[in-house]
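The values are calculated or read from the model by the stated rules, or taken from the named source; none is laboratory data. All values derive from a computational prediction rather than experimental measurement. Positions of Cβ are generated from backbone atoms using ideal geometry, with glycine treated the same way; all protein chains shown enter the neighbour counts.
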Amino acid sequence: MKSSTNTACLFTISAPSGAGKTSLIKALLAKKSASMVVSVSHSTRKMRPGETDGVDYHFVDIDTFEAMVAEDEFIEHAKVFDNYYGTARESVQKLLESGRHVILEIDWQGARQVKQKMPETVGVFILPPSREALEQRLTDRATDDRSTIERRMRDADREMSHYNDAAFLVINENFDQALFDLDCIIHSQGMTLERQKVKNRALIDSILKEMV
């Protein structure tokens with residue numbers, strides 16, 4: 001992103017499974033679809049029924065993915081079981097250049113990689129109101145057996161231990177309040193001095209000129 005010509009910001013949003021991250025992001029996009037977008041990742045897994053290439057993922061083969069890794073084309077990537085997933089730098093930069101804020105829905109490890117590659121990235125972490133509430137939400141889904149829920153809770157413990165990697169923290173106890181908090185964080189980044197100077201350069205110059 002060229003700060004001299006663009007006021008868009010890159011956000012990473014992380015949370016343990018069951019904390020409501022995906023629902024919050026969907027609700028946020030429904031409110032602000034003209035000003036922000038979620039980046040689409042690359043993946044080597046097979047496309048599932050109902051999925052669309054370029055919408056759900058950019059589906060590529062392993063050779064293509066590994067070649068992109070070798071060329072340092074990803075700002076983050078990981079292997080999950082037998083499949084690779086990654087966020088392409090070019091895709092993110094093109095979205096930022098369009099003037100829209102970009103969101104990466106990502107785990108703490110990916111968020112850390114992104115921050116290292118693009119230090120201007122703003123990290124947000126979403127926590128549940130309690131560990132008990134998180135376990136109840138996973139149980140209420142009624143999609144996993146007890147052993148799977150216990151594994152998800154162990155994974156959640158590891159994820160939540162890295163909450164302080166982020167710049168902002170949202171507690172999702174009440175969905176509407178959490179959505180408001182997340183919206184405020186996104187909006188605040190467009191109001192920083194540097195971004196306002198870029199957005200309002202002509203106005204600022206004219207005001208200062210009149211003061212001379």
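Condition check for Asp176 on (1) charged (D, E, K, R); (2) surrounded by 11 or more Cβ atoms within 10 Å (Cβ to Cβ); (3) within 22 Å of Leu28 (Cβ to Cβ): one failure, at (2). The residue list Ala67, Ala34 contains one member that is assigned to a helix (DSSP H, G or I), over 15 Å from the mean Cα position of the chain (by Cα), over 30 Å from Glu132 (Cβ atoms) and aliphatic (A, V, I, L, M), which is Ala67. Would it be correct to say that Thr7 is closer than 18 Å to Ala111 by Cβ and either surrounded by 19 or more Cβ atoms within 10 Å (Cβ to Cβ) or more than 14 Å from the chain's Cα centre (by Cα) (or both)? Judged against the criteria, Thr7 is not a match.
Per this entry, Ile149 is counted among residues that are of a type outside the set (Lys, Arg) and free of Cβ contacts under 8 Å to residues at least 40 places away in the same chain. Summed over the stretch 41-58, the residues that are assigned to a strand (DSSP E or B) and under 14 Å from Gly86 (Cα atoms) give a count of 4. State which residue pairs qualify: first residue over 11 Å from Glu159 (Cβ atoms) and inside the stretch 119-137, second residue of a type in the set (Phe, Trp, Tyr) in any location, beta carbons under 8 Å apart, and separation of 6 or more residues or different chains. Here the result reads Thr121/Phe11; Val122/Phe11; Val122/Phe168; Gly123/Phe11; Gly123/Phe168; Val124/Phe11; Val124/Phe168, each pair linking the stretch 119-137 to a residue that is of a type in the set (Phe, Trp, Tyr).
Restricting attention to the stretch 140-170, the residues being over 22 Å from Ile13 (Cβ atoms) and either aliphatic (A, V, I, L, M) or surrounded by 15 or more Cβ atoms within 10 Å (Cβ to Cβ) (or both) number 2.
For the stretch 164-173, the set of residues classified as of a type outside the set (Gly, Ala, Ser) and under 20 Å from Lys32 (Cβ atoms) consists of Phe168, Val170, Asn172, listed by residue number. Cβ-Cβ contacts under 9 Å between residues 6 or more apart (or on different chains), taken from a first residue in the stretch 183-202 that is touching a residue at least 24 places away in the same chain (Cβ under 8 Å) to a second residue that is in a helix (DSSP H, G or I) and of a type in the set (S, T, N, Q), are listed as Gly190/Gln196; Arg195/Gln189. When every residue of the stretch 120-132 is checked against the conditions, at least one turns out to be within 30 Å of Thr7 (Cβ to Cβ) and either of a type in the set (Asp, Glu) or loosely packed, with under 15 Cβ neighbours inside 10 Å (or both).
Every residue, every condition in (1) modelled with pLDDT of 95 or more; (2) exposed (fewer than 14 other Cβ atoms within 10 Å of the Cβ); (3) on the phi < 0 side of the Ramachandran plot; (4) among the aromatic types (Phe, Trp, Tyr), yes or no:
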| position | (1), (2), (3), (4) |
| --- | --- |
| Thr44 | yes, no, yes, no |
| Asp61 | yes, yes, yes, no |
| Phe74 | yes, no, yes, yes |
| His77 | yes, no, yes, no |
| Arg89 | yes, no, yes, no |
| Val102 | yes, no, yes, no |
| Gln113 | yes, no, yes, no |
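Step by step: first the residues of the stretch 23-42, then only those that are at pLDDT 95 or above and among the polar types (S, T, N, Q), then the one that is surrounded by the fewest Cβ atoms within 10 Å (Cβ to Cβ). Which residue is that? Taking the candidates together, the pick is Ser23.
Cβ-Cβ contacts under 7 Å between residues 6 or more apart (or on different chains), taken from a first residue in the stretch 63-81 that is among the β-branched types (Val, Ile, Thr) to a second residue that is surrounded by fewer than 17 Cβ atoms within 10 Å (Cβ to Cβ), are listed as Ile75/Lys117.
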